[in-house]
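Quick notes on the structure that follows.
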Amino acid sequence: MTARAVARRTATDTEPEQATTPEQLLARTALGDEQAFAVLYDQLAGPIFGTVFQVLRSRAYAEEVTQEVLLEIWRKAATFDVGRGRAQTWALTIAHRRAIDRVRSEQSAVDREERADRLDLRRPYDDVTETTLDHLDRAQVRAALAVLTELQRESILLAYFQGYTCREVSEKLGVAIGTVKTRMRDGLVRLRDALGVH
């Protein structure tokens, strides 16, 4: 049931006679008085929406969060302490916190998607190879490649100079993927030793 439904279900054209301030209405709401909540709803819905909209800048999100806040007020009316401040201030504090929570939640979702996109674009790599290729010029690497077996050399050239994945190297050379990985690992160790990289 939405906050509006709770507020309107038993509301009549007459307001509760003894409760007119938000504090009084909230006290009666805490006792389950739906008619008092209907009046309180009318008093607080506008200010709550305004507070939430200032944070979210989206009418649809602001309407949704406003309903959540009003439901929270209905459920937590008994926790309001008149000695600690005004009812409207209490309600607007709840509204502001809810709006900030929504912003953080939305931002977290965007951040997760961006991280996932960045991870999808990166190819897995071997630290030894990256360090080797980054710090030595191509002439040294070519000379070092001469110490490798044919399969090691072809695998490494395809993977690290032409950008093929292990599976693609396996298919291109007609060799099992496990064999390609083993030959590449052994070849990289030999390459590292030949280049004097420690």
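A few notes on this one:
Yes/no per residue for (1) hydrophobic (A, V, I, L, M, F, W, C); (2) modelled with pLDDT of 80 or more; (3) assigned by TED's automatic domain parsing to the domain that holds residue 60; (4) over 30 Å from residue 62 (Cα atoms):
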position: 115; (1), (2), (3), (4): no, no, yes, no
position: 146; (1), (2), (3), (4): yes, no, no, yes
position: 150; (1), (2), (3), (4): no, yes, no, yes
position: 169; (1), (2), (3), (4): yes, yes, no, yes
position: 181; (1), (2), (3), (4): no, yes, no, yes
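- Residue-level analysis places residue 140 outside the set of residues that are under 30 Å from residue 21 (Cβ atoms), over 29 Å from the mean Cα position of the chain (by Cα), at pLDDT 70 or above and not hydrophobic (A, V, I, L, M, F, W, C).
- Comparison of 44, 56 shows that the only residue that is in contact (Cβ under 8 Å) with a residue 40 or more places away in the chain and within 20 Å of residue 21 (Cβ to Cβ) is 44.
- Close contacts from region 82-109, counting a first residue that is crowded, with 16+ Cβ neighbours inside 10 Å and a second that is not in a helix (DSSP H, G or I), with Cβ to Cβ under 6 Å and a gap of 6+ residues or different chains, come to 90/80.
- Total residues in region 167-198 satisfying the condition of being within 16 Å of residue 148 (Cβ to Cβ) and not in a loop (DSSP other than H, G, I, E, B): the figure is 19.
- Contacts under 8 angstrom Cβ, first residue in region 159-172 being charged (D, E, K, R), partner in a helix (DSSP H, G or I), 6 or more apart: 167/177; 168/158; 172/158
The values are calculated or read from the model by the stated rules, or taken from the named source; none is laboratory data. The shown structure was predicted, so the numbers you read here are calculated from the model rather than taken from an experiment. Ideal geometry is used to build each Cβ from the backbone, glycine not excepted, and the neighbour counts take in all protein chains shown.
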